[in-house]
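For reference, the structure discussed in these notes is given below.
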Amino acid sequence: MERLPLNLESKNEIIAYRDEHHLVKYEYGIIDELLGAIDNADLEKLSWFGQFGDRIRSITMNVYAHRKGLEFGFTEIAFDEYGWLKRPEFLDKEDIKLGTSDRYGEYSLITLGRGENHTWTYALHYSFGTAGGGSALSVYDKQFKSCEDALTFSLNKLKDMMTDKIGNTDTNNYKQPIILATLREIAKVQINIVQLSLF
């Protein structure tokens with residue numbers, strides 16, 4: 001799409017974009033805000049939105065990313081070389097490996113991190129043997145009030161994922177020794193959490 005000079009005359013282009021694209025819920029909300037700023041001749045608000053890009057798509061995505069970052073206390077507005085809001089760096093990151101060994105990726109990994117306002121989240125890399133997946137820490141992830149809450153939730157999620165694959169007949173992708181070893185490691189960490197909570 002062409003560059004959009006965001007001003008009081010941008011209304012028709014914004015409406016056309018809204019009507020011609022399949023948008024997600026947050027995009028509709030931001031577009032409604034843009035249209036409201038135009039209808040109210042709110043140049044200050046239009047200027048604020050304008051700092052997030054020169055196309056409607058980049059504006060909506062960057063504004064949403066910024067607002068999700070604010071939920072973790074990240075306030076910086078900075079862009080990469082492609083015009084996308086830079087991913088904030090989580091603090092107090094900790095990796096917890098669970099599984100058999102580092103060889104051939106036979107382990108799962110929980111990464112914990114907190115935002116500037118002490119809101120925590122987690123990322124999960126999981127391995128069933130050959131099959132697996134994962135993601136990085138992100139402002140779009142579930143929020144927790146403490147590191148312990150994030151760890152407990154992520155351990156339970158990984159445990160459910162592993163338990164679901166016990167006995168899977170596709171032993172190339174779902175290697176039972178790796179799954180069972182990961183479940184044993186999860187149990188050890190969960191026992192340690194309970195013991196620490198007693199002191």
Matching residues in the stretch 122-141 (under 12 Å from PHE72 (Cα atoms) and out of contact with any strand residue (DSSP E or B) (no Cβ under 6 Å at 6 or more places or on another chain)) number 3
Among residues of the stretch 7-30 being among the acidic types (Asp, Glu) and either over 22 Å from GLU44 (Cα atoms) or exposed (fewer than 12 other Cβ atoms within 10 Å of the Cβ) (or both), the residue modelled with the lowest pLDDT is GLU9
### Task
Check whether at least one residue in the stretch 32-44 is in contact with a Leu (Cβ under 9 Å, 6 or more places away or on another chain), more than 30 Å from LYS145 (Cα to Cα) and surrounded by fewer than 17 Cβ atoms within 10 Å (Cβ to Cβ), and report yes or no.
yes
Legend entry - Test for SER108: is it surrounded by 13 or more Cβ atoms within 10 Å (Cβ to Cβ), of a type in the set (Ser, Thr, Tyr) and in the same structural domain as ALA150 (by TED's automatic domain parsing): yes
(1) of a type in the set (Gly, Ala, Ser); (2) assigned to a loop (DSSP other than H, G, I, E, B); (3) modelled with pLDDT under 95 all hold for ALA181 apart from (2)
| request: Might you let me know whether the stretch 67-76 holds any residue that is among the β-branched types (Val, Ile, Thr) and surrounded by 13 or more Cβ atoms within 10 Å (Cβ to Cβ)? | output: no
Out of (1) polar (S, T, N, Q); (2) in a strand (DSSP E or B); (3) within 15 Å of the chain's Cα centre (by Cα), the one SER108 does not meet is (3)
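The values are calculated or read from the model by the stated rules, or taken from the named source; none is laboratory data. All of these numbers come straight from a predicted model, not from anything done at the bench. With ideal geometry, Cβ positions are generated from the backbone for all residues, glycine too; neighbour counts draw on all protein chains shown.
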